[in-house]
Amino acid sequence: MPTVKSIMRQLESKGTVQARKTYARHGVPPGRTFGVSVADLKVIAKTIKAQQALALELYATGNFDAMYLAGIVADGAKMSIEQLNSWADGADGLKMISEYTVAWVAVDHPQARDLALEWIASKHEHVAASGWCTYSGIVATKPDNALDLTEIEGLLDKIVKEIHKAPNRVRHTMNGFIISVGGYVKSLSERAKAAAKKIGIVYVDMGDTACEVPSAVAYIEKIDAAGRLGNKRKTIRC
């Protein structure tokens, strides 16, 4: 039976210098990662599938690779609100965890929307970013009749008013929310593009990477041109 210790040894053995350099450019402190590729993490995840308790223990290590792996394995629907809040709080300084891993599990929880709104209101940048990503995930996976479209319009208005004075990663995830609404909620696509046009260029410090902030208008139009407007996803895990 796999244990935290055995999985951590496996992660350490899979780490590479190149991956550590790549993660460092994305803001992961060198001391918090072995440098395991996402491809290798997915292979390991298959060997511990559905082991919820182990996933929670792995996240608690504070090691980036273990936390990312935990997000692949954990079932957010089985986590408590306290556990989800702990994951959001524990992602400080790890944007790939706060904006991906935390949202992956939170989206599956019955109270995902409530959590997303609570996190969006947080004064902590990483928690607020998790909130926007979680709500983006809800929009991407839930049928339109399960969404509060009026509330979503209100969030678009909030972004228009606040994005340029919001913290760095919150700006990035707000922009992502506009894209999610425009791409996955057909009836709000034009509304999302109008919000994006009002905002204009969104400046985000992407660190020492080649990543760029996508134009929400162009991104939504690309989805539309491909005939995928309103097509929902089964999961936001990647």
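The values are calculated or read from the model by the stated rules, or taken from the named source; none is laboratory data. This is a predicted model, so every value here is computed, not measured. As a convention, Cβ positions derive from the backbone with ideal geometry for all residues, glycine included, and neighbour counts pool all protein chains shown. With ligands, DNA and RNA removed, areas are computed over all heavy atoms of the protein, side chains included. Shrake-Rupley method; radii C 1.70, N 1.55, O 1.52, S 1.80 Å.
Residue-by-condition table, conditions (1) of a type in the set (Gly, Ala, Ser); (2) open to solvent by less than 10 Å² (accessible area, probe 1.4 Å); (3) closer than 26 Å to Thr22 by Cα; (4) in contact with a Gly (Cβ under 7 Å, 6 or more places away or on another chain):
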site: Phe177; (1), (2), (3), (4): no, yes, yes, no
site: Gly182; (1), (2), (3), (4): yes, yes, no, no
site: Lys186; (1), (2), (3), (4): no, no, no, yes
site: Arg191; (1), (2), (3), (4): no, no, no, no
site: Ile201; (1), (2), (3), (4): no, no, no, no
site: Met206; (1), (2), (3), (4): no, no, yes, no
site: Thr209; (1), (2), (3), (4): no, no, yes, no
site: Glu212; (1), (2), (3), (4): no, no, yes, no
site: Val217; (1), (2), (3), (4): no, no, no, no
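Can you tell me which of (1) surrounded by fewer than 20 Cβ atoms within 10 Å (Cβ to Cβ); (2) in contact with a His (Cβ under 7 Å, 6 or more places away or on another chain); (3) of a type outside the set (D, E, K, R) is the one Met1 doesn't meet?
Tallying (1) surrounded by fewer than 20 Cβ atoms within 10 Å (Cβ to Cβ); (2) in contact with a His (Cβ under 7 Å, 6 or more places away or on another chain); (3) of a type outside the set (D, E, K, R), Met1 fails exactly one: (2).
Out of Val105, Val73, Val36, I need the residue that is over 30 Å from Val139 (Cα atoms) and of a type in the set (A, V, I, L, M, F, W, C). Which one?
Val36
Taking the condition part of a loop (DSSP other than H, G, I, E, B), under 23 Å from Ile120 (Cβ atoms) and in contact (Cβ under 8 Å) with a residue 60 or more places away in the chain, does Gly71 pass?
Taking the combined requirement at face value, the residue does not satisfy it.
Does Ala53 qualify as being out of contact with any Phe, Trp or Tyr (no Cβ under 9 Å at 6 or more places or on another chain) and at pLDDT 95 or above?
Yes.
Out of (1) surrounded by 20 or more Cβ atoms within 10 Å (Cβ to Cβ); (2) free of Cβ contacts under 8 Å to residues at least 40 places away in the same chain; (3) more than 11 Å from the chain's Cα centre (by Cα), what's the single condition that is false for Lys123?
Looking at each condition in turn, Lys123 falls short on (1).
Would you confirm, using the coordinates I've provided, whether Gly93 is in contact (Cβ under 8 Å) with a residue 40 or more places away in the chain and either part of a loop (DSSP other than H, G, I, E, B) or touching a strand residue (DSSP E or B) at 6+ places or on another chain (Cβ under 8 Å) (or both)?
yes
May I ask you to list the residues in the range 20-55 that are farther than 16 Å from Lys95 by Cα, of a type in the set (A, V, I, L, M) and open to solvent by less than 50 Å² (accessible area, probe 1.4 Å)?
Correct list: Val36, Leu41, Ile44, Ala45, Ile48, Leu54, Ala55.
For Glu118, work out the one condition from (1) in contact with a Lys or Arg (Cβ under 7 Å, 6 or more places away or on another chain); (2) open to solvent by 10 Å² or more (accessible area, probe 1.4 Å); (3) in a helix (DSSP H, G or I) it doesn't fulfil.
So Glu118 meets the others, but not (1).
Looking at the range 77-90, is at least one residue free of Cβ contacts under 8 Å to residues at least 40 places away in the same chain, closer than 30 Å to Leu147 by Cβ, of a type in the set (S, T, N, Q) and assigned to a loop (DSSP other than H, G, I, E, B)?
yes
Going residue by residue through the range 199-217, is there one that turns out to be assigned to a helix (DSSP H, G or I) and acidic (Asp, Glu)?
Taking every residue of the range 199-217 in turn, none turns out to be assigned to a helix (DSSP H, G or I) and acidic (Asp, Glu).
Every residue in the range 132-157 that is touching a residue at least 40 places away in the same chain (Cβ under 8 Å) and in a helix (DSSP H, G or I), please.
Trp132, Cys133, Tyr135, Ser136, Gly137, Val139, Ala140, Thr141, Asp144
Please go through the range 25-34 and pick out each residue that is at pLDDT 95 or above and assigned to a helix (DSSP H, G or I).
Within the range 25-34, just Arg32 meets the criteria.
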